[in-house]
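Report on the following structure.
The values are calculated or read from the model by the stated rules, or taken from the named source; none is laboratory data. Source: prediction; values computed, not measured. Counting neighbours? That spans all protein chains shown, and the Cβs are built from the backbone with ideal geometry, glycine included. Just so you know, the surface numbers come from the protein's heavy atoms only, side chains and all, with ligands and any DNA or RNA stripped out. Shrake-Rupley method; radii C 1.70, N 1.55, O 1.52, S 1.80 Å.
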Amino acid sequence: MNMDYVAKLEAATGLKFDPAKLPRHIAIVMDGNGRWAKQRGQKRSSGHRAGVEALEDVVIACRNLGVGYLTVYAFSTENWSRPAAEVSTLMSLLSEFAASKLKRLRDNQVEVRVLGDFAGLPVLQRAALNRLMSATANVRTPDEGLVLNLALNYGGRSEILAGLKRAAAELSPRELQEMTEERFGGFLATAGQPDPDLLIRTSGELRLSNFLLWQLAYAEFYFTEILWPDFDAVELFRAICAYQQRNRRFGALLSE
Ligand code: IPE
Ligand code: IPE
Ligand code: MG
């Protein structure tokens, strides 16, 4: 954790940050690119372009704050039903992102992974993402680094179903019968990662849109009216400080 960085954000927001209550894993539904562009009289594509820059800022902010895992919803299985031109813009931005940010991500010890139906992405995007994933695969050390999960062609229900099918193929009937929640988590795309502590959704929409249905069971939810392209390190800091004020009871009673 970069304490000078924290001090700057505290000064900018007037909020107090508690290093002992840092969320280990943050999940974000990056929403509102289209409305952001519309407000400016621009095409939706310019909103998506600005959204990529916001993502880069937030990734670097997570690194400075010492967050270990960041999962962002970048393209849902339902997003294929948008007009072909918009889908194609989003796919081009994806491969551009993978190529142009590779060096910065690697230099900042950000390991990129993809959650979702990878095989269902176009060949160019798969190639660019494969390069990005292999270039960043070993950049983390035991005390430094961030895992960035890009949820792409992702749907929560289909992730759970895919996990179920994989478990059925790999385990004996007995092992299946004795399945535990913890073991089943190992058949999901986030295997080995902690569940998100904090879910952020921008743009004022109050729903999950099929995001991380299993993993968000006990996450704290933070909704903001800010549109994704306007979200930045300061807004992330506000969300984390709000999270730090919550009482996470996990069904038990508070000892305080
Ligand atoms: C989020 O912004 C980006 C993706 C879903 C890919 P939207 O494109 O959903 O923006 P709005 O919700 O129409 O404003
Ligand atoms: C959710 O946003 C998916 C992503 C941010 C990638 P949408 O804008 O697609 O979700 P809905 O349509 O408002 O539920
Ligand atoms: Mg939207």
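Within the option set Ala119, Ala128, being among the small types (Gly, Ala, Ser), closer than 25 Å to Gly156 by Cα and open to solvent by 40 Å² or more (accessible area, probe 1.4 Å) holds for one residue only, Ala119. The listed residues are Ser158, Ser92, and the only one of them that is free of Cβ contacts under 8 Å to residues at least 12 places away in the same chain and open to solvent by 10 Å² or more (accessible area, probe 1.4 Å) turns out to be Ser92.
If you go through segment 184-197 one residue at a time, do you hit one that is open to solvent by less than 40 Å² (accessible area, probe 1.4 Å) and in contact with a Gly (Cβ under 6 Å, 6 or more places away or on another chain)? Yes, some residue in segment 184-197 is open to solvent by less than 40 Å² (accessible area, probe 1.4 Å) and in contact with a Gly (Cβ under 6 Å, 6 or more places away or on another chain). Entry remark, segment 14-52: residues being among the charged types (D, E, K, R), within 16 Å of ligand 2 (Cβ to nearest atom) and touching a residue at least 60 places away in the same chain (Cβ under 8 Å) number 2 in total.
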